[in-house]
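Student: Input: one structure, supplied below.
Read the figures in this text as sums done on the coordinates, not as results from a lab. Keep in mind that this is a model prediction, so the values were computed, not measured. All Cβ positions, glycine included, derive from the backbone under ideal geometry; neighbour counts span all protein chains shown.
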Amino acid sequence: MIKAENINYSVPGKNIIKGVDLHIKKGRFYGILGPNGSGKTTLMDIICGVIADYHGSIEVMGKDLKKYHKKDLAKVLALVPQNFNTSFSFNVEEILEMGRYPHKKKFSFLGKEDREIINEVVKELELGSIIDKKITDLSGGERQRAIFGKALIQETPILFLDESTSNLDPYYAHSLLKKVRDRVEEKSLTVISVFHDFTLASLYCDEIIFLKDGKVVKIGETEHTLTPENIKNVFNINSKMMESDDKKFVIPYM
């Protein structure tokens with residue numbers, strides 16, 4: 001689905017991404033873990049096409065990323081950003097409708113199928129109670145759920161999540177990740193998500209990508225990669241793995 005080779009990116013005075021290679025497979029849930037400043041969001045923005053002045057090569061579904069028209073790229077990948085800031089008072093319904101724009105011809109209206117997709121996601125993500133509210137009037141968690149809904153309505157084969165649960169309470173964090181996990185298994189959705197929570201990554205990811213100082217230092221199956229040794233190496237913190245009902249939990253400690 002995504003092939004990135006020797007990706008480098010710098011800003012004046014600092015190299016942020018250093019020689020990153022990634023081969024992202026279809027129908028897998030990848031978690032990116034790394035300390036603050038390790039380049040997680042920058043790497044995601046590069047692969048999403050938000051940052052274009054990188055060095056190296058990236059192919060998305062067999063096509064050079066830089067050769068995609070923005071609308072065509074929006075049919076292939078969707079992004080739930082860490083923060084969604086807008087000065088325009090769109091209501092939630094209007095935000096959700098934007099998820100269908102890449103699939104519509106210019107100046108055309110949303111059709112029956114578009115409405116069915118939107119209504120299904122509104123129900124699935126429990127957005128009915130905020131559907132008429134202005135995005136600028138929502139709490140951080142409500143806004144995050146709305147943007148999450150927009151990305152699912154976009155119906156792309158690749159989904160990027162940049163700390164997408166950071167503003168959510170435990171119920172909605174697990175609920176949304178579970179829905180994404182279901183799409184991975186049922187529709188072969190490919191997901192790349194930045195996490196700070198080790199346990200969330202353990203519960204939902206197939207593979208873990210450890211990033212440190214702009215470099216990939218470890219990548220592999222979650223079971224073999226999300227270990228106390230790797231966590232200590234990357235984050236300089238101790239951790240303990242616990243298991244209950246076939247689910248693994250990570251407890252960090254000093």
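Student: Taking one equal scatterer on every alpha-carbon of segment 169-248, how large is log10 of I(q)/I(0) by Debye at q = 0.11, 0.25 1/Å?
Tutor: Debye curve over Cα of segment 169-248, log10 I(q)/I(0) at q = 0.11, 0.25 Å⁻¹: -0.31, -1.35.
Student: Run through segment 102-161 and list the chymotrypsin sites (Phe, Trp or Tyr not before Pro) located in a DSSP loop whose Cβ has at most 12 other Cβ atoms within 10 Å.
Tutor: Here the sparse-neighbourhood loop sites are PHE107, PHE109.
Student: Strictly over 28 Å apart at the Cα level, which of LYS25/LYS75; LYS18/LYS248; LYS75/LYS247; LYS14/LYS240; LYS18/LYS106 would you flag in this model?
Tutor: Violating the 28 Å Cα-Cα cut-off are LYS18/LYS248; LYS75/LYS247; LYS14/LYS240; LYS18/LYS106.
Student: Using the Cα centre as the reference, give the magnitude of the dipole from point charges on the C-beta atoms of segment 2-253 (Lys, Arg: +1; Asp, Glu: -1; all else neutral), rounded to the nearest 20 debye. Kindly include the intermediate steps, with their values, before the conclusion.
Tutor: Working: 37 positive and 36 negative charges, 152 e Å.
For segment 2-253, the charge dipole is close to 740 debye.
Student: How long is the gain from ASP197 to GLU229 if the chain were fully straight, where each residue apart is worth 0.36 nm and the alpha carbon distance is subtracted?
Tutor: Result for the pair: 9.9 nm of gain on full extension.
Student: GNM on the chain, C-alpha springs below 10 Å: top fluctuator among ALA52, ALA151, ALA201?
Tutor: It is ALA52.
Student: Could you list log10 I(q)/I(0) for segment 1-151 at q = 0.11, 0.14, 0.16, 0.21 Å⁻¹, which the Debye formula gives when each Cα is one point scatterer?
Tutor: Log10 of I(q)/I(0), two decimals: -0.54, -0.84, -1.04, -1.32.
Student: Report the trypsin sites (Lys or Arg not before Pro) located in segment 79-136 that are in a DSSP loop and have at most 13 other Cβ atoms inside 10 Å of their Cβ, or state none. Could you put the intermediate results ahead of the total?
Tutor: Details: sites: ARG100, LYS104, LYS105, LYS106, LYS112, ARG115, LYS123, LYS133, LYS134; in loops: LYS104, LYS105, LYS106, LYS133.
Within segment 79-136, the qualifying trypsin sites (Lys or Arg not before Pro) (loop, at most 13 other Cβ atoms within 10 Å) are LYS105, LYS106.
Student: Let me ask you something else. For LYS14 and LEU110 in one chain, what is 0.36 nm times their gap in residues minus the Cα-Cα distance, to one decimal in nm?
Tutor: Difference between extended and current length: 30.0 nm.
Student: Taking every DSSP beta bridge with both residues inside the chain, roughly what % is antiparallel (nearest 5)? Kindly include the intermediate steps, with their values, before the conclusion.
Tutor: Working: 28 of 45 bridges.
Of all bridge pairs located within the chain, approximately 60 percent are antiparallel.
Student: Diagonalise the Cα gyration tensor of the chain and give the resulting equivalent ellipsoid semi-axes, square root of 5 times each eigenvalue, largest first, whole Å.
Tutor: 30, 23, 17
Student: Could you name the aspartates and glutamates in cross-link range of LYS212, using Cα to Cα under 14 Å and dropping any fewer than eight places away on the same chain?
Tutor: Here the aspartates and glutamates satisfying the reach criterion relative to LYS212 are ASP21.
Student: Moving on. Among the trypsin sites (Lys or Arg not before Pro) in segment 1-75, which ones are in a DSSP loop with at most 14 other Cβ atoms within 10 Å of the Cβ? Mind listing them?
Tutor: Qualifying residues, ordered by number: LYS25, LYS26.
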